[in-house]
Amino acid sequence: MTGVPETLRMDQATAFTFGVARVLRGIALVAVCATLGMTAAPARASESGRSSREATGGWKKFEGNPVMGGTYGTCFDVSVLRDGDAYRMWLSWRPQKSLALVESRDGSHWSEPPTVVLGPRPETGWEDDINRPCVLRRADVYHMWYTGQARSRSWIGYATSADGVAWKRMSEKPVLAADQPWEKGIAVMCPSVIWDDEAGLFRMWYSGGEQNEPNAIGYATSPDGSNWTKYAGNPIFVPRPDHPWEKHKVTACQVEKVGDWHLMFYIGFENEPTARICLARSQDGVTDWQRHPANPIIAPGRDQWDHDACYKPYAIYDGRQWLLWYNGRRGALEQIGVAFHDGLDLGFESAHGRETPADAHPSAVQTGPVRRVIAADDSTKTLAAVAADGTIEWKIPCRQIHDLHLLPDGHLLYQDGWTRIVELDADRELVWQYDAKGNGNATRPVEVHAFQRLADGSTMIVESGPARIIEVDRAGMVVREIPLKVDAPSTHSDTRNARKTPAGTYLVAHEQDGVVREYDVTGKVVWDFDVPLFGTPRKAGHGPEAFGDQVYSAERLANGNTLIGTGNGHSVLEVTPDREIVWKLGQNDLPGITLAWVTQVRRLPSGNTLLVNCHAGPANPQIIEVTPEKKVVWTFKDFKTFGNSLPVVWVLDP
């Protein structure tokens, strides 16, 4: 290869030497692992010894992994090009604080030792360490964007080369810095860049946020590789709290344009030390990202070299198969491995993944910023997740339902009928259930319309009929009981939603009484609010024409006020501790929208209010977000999946 030093060429003689070097490196790795307090993994993992979760979606790990690292210390975060008849890998070499180059004929066996091609320059103030490169070749020029790190911060720099070995920095200063709020003023890193011929632009996907592991992924464009414009809608890719494997962070992506799709290989973090490799796609590379149904596609191998985490993917299609390199970690040591996937088709349309779409045709209509929604409807007996593009990600049957929670671990806590509470994991597998007919209710009528998973792992359950709140442990045993005050007893309508407040009190919406009451742990009423009729006579029914004070929900706000969904009062109220109404959203306050049975209400971090508009008919949205000035910023409507009795919702990424 022209311009490549002899030390980086691999002929048959060097291939033999490389094989011997791997044996010696494997022996030395035992000593390295012992020093780090680890057990050395075997060089070749048995297929039968692997977990079925270790590689999914048609991917298979190379049995000879790891392919680089060991005695060289931590080698991580690579960029690979197919250059002629060889692969060239630019890798991050932590002991040298530098970027190094190795070569391979097959993508699995690499020249050794690595050769440093770009080193640190502490004098610049931002390049104490150099790592996390992205290299592309355009015409006769190699372009590299890389991460410079110093003073617990990260920047992105730019260099060019005629041969991929001798690099010239294009600026003494970084070309990208952390200057947007979501980047926290700390770090931008892990660039992934492609050239767009049609647009005449370099397009970059990068990670931003915290220094140890960034939080999300942004997008920028440049005409020359040096001057970048960040996308106004950044970040474009954020964690999904309902996916445990990426609920904490998403970062370090590689984007490839294949046909009509942009493929994104990325890291999903369950928590700071636990990482897996995932895959998504988007037609424009910016919006409407679809996660792969088999995510995560690469996961740590039990008792293997990548036992603790799998990081930073980089994939190439060679005309026959995909090769995906990644760095795996066991203990403190990171090394580089490779996985393979036969054929170009990566199986986004497969029905064998974890997230099987129930309906590929969009049925939901949203106005404003698009969001993911999990909701349930009494009339259609459906609990479903609706993607931002309106398609149904999954759908399961459910019976009567008046409450729903998405838990921090991605589990769903909901009710399947008036007495059964169910917890499903991210695969919709049952992991816990509770039947309210137990614990003293075998011979008396009982219904449940509210529940909540508490910080200590117990579950609060509010029982209409027995008129009590109980807290139960995972075994279903009662650990606390609080009696409730009910003026007009009704098994079906004693209560609707209730929440335990940060102060340890219980805020309960008493539907039949038309009162919100706050209880201490003894059952004493410490505050209440009688929902007013505002001079309007009561009228039976459920739709917009009905009227009453059958309150559905109450939420204690950070300012000490209480946000109330008034049910058939068709309104949302914000009430002070002195019972003064300081904000009201009435039935006809929103142009073109009529409120009916207002069920769940929620005050968002933005200060906006989210409300569920039940029984309002197909002419009206089922979910609405409004500003304090009563301006509508987002609505959701789907009367194909759900019906006119949608009382509960969980909106993601609001």
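Within the stretch 253-391, the proportion of Cα pairs with more than 21 Å between them is 51 percent. For the stretch 76-176, applying the loop criterion from DSSP together with a ceiling of 15 other beta carbons within 10 Å to the trypsin sites (Lys or Arg not before Pro) yields 105, 151. Solvent-free Debye calculation, one equal scatterer per alpha-carbon of the stretch 495-654: log10 I(q)/I(0) at 0.09, 0.13, 0.14 Å⁻¹ equals -0.27, -0.56, -0.65. Debye sum, Cα scatterers, the stretch 6-340, no solvent: what log₁₀ I/I(0) at q = 0.07, 0.09, 0.12 1/Å? The Cα Debye sum returns log10 ratios of -0.26, -0.43, -0.80. Restricting the stretch 409-501 to GluC sites (Glu not before Pro) that sit in a DSSP loop and have at most 12 other Cβ atoms within 10 Å of their own Cβ leaves 429. The aspartates and glutamates within cross-link reach of residue 97, meaning a Cα-to-Cα straight distance under 19 Å and a gap of 8 or more places when in the same chain, are 77, 112, 123, 127, 128, 129, 172, 213, 334.
Normalising the average separation of contacting C-alpha pairs (under 8 angstrom, six or more residues apart) by the number of residues puts the relative contact order of the stretch 404-517 at 15 percent.
May I ask which of 168/249; 247/395; 61/230; 60/640; 230/640 have a Cα-Cα span longer than 31 Å here? From 168/249; 247/395; 61/230; 60/640; 230/640, over 31 Å: 168/249; 61/230; 60/640; 230/640. The Cα center of the stretch 109-130 and the Cα center of the stretch 441-481 differ in position by 60 Å. Computed from the C-beta positions of residue 503 and residue 629, the FRET efficiency with R₀ = 41 Å rounds to 0.85.
Counting only Cα atoms, the size of the chain along its three principal axes is 92, 49, 45 Å, in decreasing order.
Counting neighbouring beta carbons within 10 Å and listing from fewest to most, the residues 249, 640, 395 come out as 640, 395, 249.
Against the chain, whose longest principal axis is taken from its Cα atoms, helix 12-35 shows a tilt of about 50°.
Per-residue ellipticity at 222 nm, computed for the chain from helices alone with -39500 (n - 2.57) per DSSP H run of at least four residues, works out to -1500 deg cm²/dmol. In summary, the lysines within cross-link reach of residue 524, defined as a Cα separation below 26 angstrom excluding same-chain residues under 8 places away, comprise 437, 485, 500. Of 161, 226, the sequence from fewest to most neighbouring Cβ atoms within 10 angstrom is 226, 161.
The dipole here belongs to the chain: it is taken about the Cα centre, uses +1 on the Cβ of Lys and Arg and -1 on the Cβ of Asp and Glu, and is about 520 debye.
Each reported figure results from applying straightforward, stated rules to the coordinates on display, with no laboratory input. Because the structure is a prediction, the values reported are computed rather than measured. For neighbour counting, all protein chains shown are included, and Cβ atoms are generated from backbone atoms with ideal geometry for every residue, glycine included.
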